[in-house]
Amino acid sequence: MKQVVIVTGSGRGIGAAVARQLAAGGHAVAVNFRSDRQAAEELVRTVRAAGGVALAVQADVADEAQVTQMFDMVEQELGPVSALVNNAGVTSRMASFMQTSSTTIENVFRTNVYGTMHCCRAAIDSFRRSGTKGVIVNVSSVAAATGSPNEYVHYAASKAAVETFTLGLAKELAPEGIRVCAVAPGLTLTDIHAVSGEPDRPARLAPKIPLQRPATPEEIAEPIVWLLSPAASYITGTTLRCGGGL
Ligand code: NAP
């Protein structure tokens, strides 16, 4: 087995594509989910049927105790964790800032920012215990650069926080040989747009993208998997924008 990788929020969407590509590359994958157990277990079954190693593990990344339990379980079942993808993320229904409640804003920050930080803390502990020069890839968004006005500025701000956190943490950990990077996807074909109230958002916005189309989850997973690999051994603190020209 090459690496043991936890991919948060990987029962579906971009995370599932990352998990599938990692498993196909011979890595053991922990498929984290919060509520959609069926999707996560189905993905694990598919990986195992193809001869790969995968484990479905439930945890709300916003809850530090659940994150600790997740890492303990993965270490017991798969061995020391050597990589983490902080993919779990949420938006909320599209609205202007003043139409968005404080509770909604706090929920988005709990998953996108605190969840990323809780998982990084647990991963760094795990890397240090096992003496692994681990690697972390955080999933940001092109929204961090555009601000997402009248859609979800709080979500955009949460992703900007993820990028700044990535930069600083990478510098703190570089002397230990631990790398921390981020990928900022643009518009990608997943369920996230339906949850934010407009399932057809990718089709509406496609003409504004220089490549004239949204990404598939697989097209975002490829650079994430590459950043995890030794091929990216001299890259840390970098956010790789994957926005089709945006
Ligand atoms: P998605 O299809 O809505 O899937 C989100 C995943 O995150 C689900 O597996 C969900 O788990 C999980 N999740 C949400 N909150 C969680 C929590 N608190 N703890 C654990 N898991 C949690 O989303 P996606 O489009 O694939 O997005 C993946 C990442 O890419 C997110 O960080 C998102 O912000 C970012 N992104 C997406 C786009 C896009 O256009 N799709 C663009 C830029 C950035 P359950 O299935 O159990 O609910």
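No lab work stands behind these numbers, since they all come straight from the coordinates. Quick caveat: nothing in here was measured; it's all calculated off a predicted structure. Positions of Cβ are generated from backbone atoms using ideal geometry, with glycine treated the same way; all protein chains shown enter the neighbour counts.
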(Q) Take residue 226 and residue 194, extend 7 Å from each Cα along the Cα→Cβ direction, and tell me the distance between the two endpoints in nm. (A) 3.1
Q) Between residue 182 and residues 5 or more places away or on another chain, which pairs have amide H atoms under 5 Å apart, with H built 1.01 Å from N, and which residues are they? A) 138, 238, 239, 240
Q: Name the lysines eligible as straight-distance cross-link partners of residue 171: C-alpha to C-alpha under 16 Å, and not fewer than 8 places from it in the same chain.
A: 133
Q. Tell me, in nm to one decimal, what length is gained between residue 218 and residue 93 on full extension, where the rule is 0.36 nm per residue of separation less the Cα-Cα distance?
A. 42.5 nm
Q) Which residues' amide hydrogens lie under 5 Å from the amide hydrogen of residue 188, considering only partners 5 or more residues apart or on another chain, with H built in the peptide plane? A) 215
Q: Starting from the Cα of residue 125, step 7 Å toward the Cβ, then list every residue of the range 48-69 with an amide N under 12 Å from that point.
A: 64-69
**Q.** Derived scalar couplings ³J(HN,Hα) [the range 72-84; Karplus, 6.51 cos²θ - 1.76 cosθ + 1.60; whole Hz; x for Gly, Pro]
**A.** 4, 5, 5, 5, 5, 8, 10, x, x, 6, 10, 7, 9
Q) What residues qualify as long-range amide H neighbours of residue 54, i.e. H under 5 Å apart, gap of 5 or more or another chain, H built at 1.01 Å from N? A) 29
Q: Starting from the Cα-Cα distance between residue 103 and residue 171, subtract it from 0.36 nm times their residue separation and give me the gain in nm to one decimal.
A: 21.2 nm
Q: Provide the per-residue ³J(HN,Hα) series for the range 4-20, in order, calculated from phi with Karplus coefficients 6.51, -1.76, 1.60 and θ = phi - 60°, each as a whole number of Hz, with x at glycine and proline positions.
A: 10, 10, 9, 10, 6, x, 10, x, 8, x, 4, x, 5, 5, 4, 4, 4
Q: Using only C-alpha positions, report the orientation-averaged shadow area of the convex hull of the range 106-246, nm², one decimal.
A: 8.6
(Q) Please compute one quarter of the surface area of the Cα convex hull for the chain and express it in square nanometres. (A) 12.3
Q. So what are the ³J(HN,Hα) numbers for the range 50-65, from phi and the Karplus equation (6.51, -1.76, 1.60; θ = phi - 60°), rounded to whole Hz, Gly and Pro as x?
A. 8, x, x, 10, 8, 9, 8, 9, 7, 6, 8, 5, 6, 10, 4, 5
